[in-house]
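These notes concern the structure reproduced below.
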Amino acid sequence: MHAISTKSLTLGYGEENIIDQLDLSIPKGKITVFIGSNGSGKSTLLRSLARLLKPKSGSIVLDGNDIAHTSTKKIARKLAILPQSPVAPEGLTVLQLVKQGRYPYQNWLQQWSEKDEEAVVNAMKVTRMSEFADRKVDSLSGGQRQRAWIAMTLAQDTETILLDEPTTYLDMTHQIEILDLLYDLNQSEERTIVMVLHDINLACRYADNIVAIHDKKIYKQGDPDTIITPDLIHSVFGLQCHVACDPLCGTPMCIPFSKGKHLRAGRQQVNEANSY
Ligand SMILES: Nc1ncnc2c1ncn2[C@@H]1O[C@H](COP(=O)(O)OP(=O)(O)O)[C@@H](O)[C@H]1O
Ligand SMILES: [Mg+2]
């Protein structure tokens, strides 16, 4: 069962194609992570899935319906997106921002309801933003701001959530906190999560399905245990690495070759044992 699929999807800006004839299927109720080098088109692809970018050709199907022929509000009740580096209007408070997440449920007949209130309160609670309700978004630290945006995305209460680099600007503790929160939402409510992550090792811990994007196409897609190899990392990122087994989770863990302490005598051997 697929939450979203694309057929021969071509995306680009002006003359240039960024994604070319892509056939992608995103499994329902799973966590999918897009990986790829800077500028490979991850954000472009994610934005197109939320209909923020019109395809040059091809189609995108969400829950059985072509999104080109679905109303914006209908899409927004099924799918929420947190774009990369979003900017809030100046002076907006956290509560006002999170309330924006409820716009797909409002019209001139349907005013603010108890369900809207509940969704907002709950989203603020799980992201630990309740105490910041009246703070201006632009006065928050990077991590708090990111949590406020995630709260807005959660308030939208959709089956599918797309997040573009949700852990950027966060220290390690807060990265894990956000990813654990998304994991819990996936496990307890079977929400489909699709996100772009730069940290391959965290991607391997959380993803059921990794989509590696390279050269305008999917280089490989599948379970991290199967697809994350030194070869893939080299082809997709141009980086030489050792792939070890994460001692805590048993998932693949990429250790890049680099200059620095590891080249000191006695450690060389470890770097050369490139097996997983
Ligand atoms: N609005 C835009 N107009 C023109 N080119 C763009 C625009 N947004 C992104 N691009 C270009 O498209 C390519 C893919 O960008 P992006 O999807 O942001 O990559 P990623 O998220 O993988 O880093 C890059 O070369 C980028 O410069
Ligand atoms: Mg991006």
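The values are calculated or read from the model by the stated rules, or taken from the named source; none is laboratory data. It should be emphasised that the depicted structure is a prediction, and the values quoted were computed from it without experimental measurement. Neighbour counts run over all protein chains shown; Cβ positions are idealised from the backbone, glycine included. All accessible areas refer to the heavy atoms of the entire protein, side chains included, with ligands and DNA or RNA removed. Shrake-Rupley method; radii C 1.70, N 1.55, O 1.52, S 1.80 Å.
Quick notes on this one:
- Taking strands (runs of 3 or more DSSP E) as the structural unit, those lying wholly within the range 124-231 and holding at least 1 residues that are among the charged types (D, E, K, R), open to solvent by 40 Å² or more (accessible area, probe 1.4 Å) and out of contact with any Cys (no Cβ under 9 Å at 6 or more places or on another chain) correspond to 217-222.
- Of all residues in the range 51-62 being aliphatic (A, V, I, L, M) and within 15 Å of ligand 1 (Cβ to nearest atom), the one that is surrounded by the most Cβ atoms within 10 Å (Cβ to Cβ): Leu53
- Looking only at residues of the range 1-14 that are within 10 Å of ligand 1 (Cβ to nearest atom) and open to solvent by 10 Å² or more (accessible area, probe 1.4 Å), we find that the one that is modelled with the lowest pLDDT is Gly14.
- Yes/no for Ile19 being within 13 Å of ligand 2 (Cβ to nearest atom), touching a residue at least 24 places away in the same chain (Cβ under 8 Å), part of a strand (DSSP E or B) and among the β-branched types (Val, Ile, Thr): yes
- Checking each residue in the range 15-50 for being of a type in the set (A, V, I, L, M) and either touching a Cys at 6+ places or on another chain (Cβ under 9 Å) or open to solvent by less than 10 Å² (accessible area, probe 1.4 Å) (or both) picks out Ile19, Leu22, Leu24, Ile26, Ile31, Val33, Ile35, Leu45, Leu46, Leu49.
- Scanning the range 76-106 for residues that are over 22 Å from Leu182 (Cα atoms) and free of Cβ contacts under 8 Å to residues at least 24 places away in the same chain yields Pro89, Gln96, Gln106.
- Condition check for Leu45: within 16 Å of ligand 2 (Cβ to nearest atom) and either in a loop (DSSP other than H, G, I, E, B) or in contact (Cβ under 8 Å) with a residue 40 or more places away in the chain (or both): yes
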